[in-house]
Amino acid sequence: MRLNHTWNRLDFVAMAKKTGDLGKLIIPGYYMPLRHAHATFAGLTERLEIVDGHMSLKPEAQPDMADVH
């Protein structure tokens, strides 16, 4: 069976690891921002708040969260 590799046999994480120390940025530089670019439960819960017993989305921007991720 022959696998169809379009340009590289390594997956994205394996390529990142091969870069050495730069590859350590895959979590804060790729995975964490991706949680907000593509809807996930974790990304959603970071934007929720409970006010007077009701759950809602935080209406204000979250620059601190953006700076962390």
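Values in this text are rule-based calculations from the coordinates and carry no lab data. Worth saying up front: this structure is predicted, and the values here are computed from it rather than measured. Neighbour counts run over all protein chains shown; Cβ positions are idealised from the backbone, glycine included.
Taken one residue at a time, the phi angles of the stretch 16-26 give Karplus couplings (6.51, -1.76, 1.60, θ = phi - 60°) of 4, 4, 5, 7, x, 4, 4, x, 5, 7, 5 Hz. Gly and Pro are set to x. Secondary-structure-derived ellipticity at 222 nm for the chain, considering helices only, amounts to -8000 deg cm²/dmol, per-run term -39500 (n - 2.57) for DSSP H runs with n ≥ 4. Would you mind calculating the relative contact order of the chain from Cα pairs under 8 angstrom and at least 6 residues apart, reporting the percent as a whole number? It comes to 20 percent, rounded to a whole number. Between the listed residues P63, A39, W7, the Cα displaced farthest toward the positive end of the dipole of the chain, a dipole computed from Cβ unit charges relative to the Cα centre, is found at W7. Explain nothing, just the number: dipole magnitude of the chain about its Cα centre with +1 on each Lys and Arg Cβ and -1 on each Asp and Glu Cβ, in debye rounded to the nearest 20. In total the dipole reaches around 680 debye. Inter-label distance, K58 to T40: 1.7 nm, where each label sits 7 Å from its Cα along the C-beta direction. Listed values for the stretch 28-37 are Karplus-derived 3J(HN,Hα) couplings in whole Hz (6.51 cos²θ - 1.76 cosθ + 1.60, θ = phi - 60°), namely x, x, 10, 5, 5, x, 5, 4, 9, 6, and x replaces Gly and Pro.
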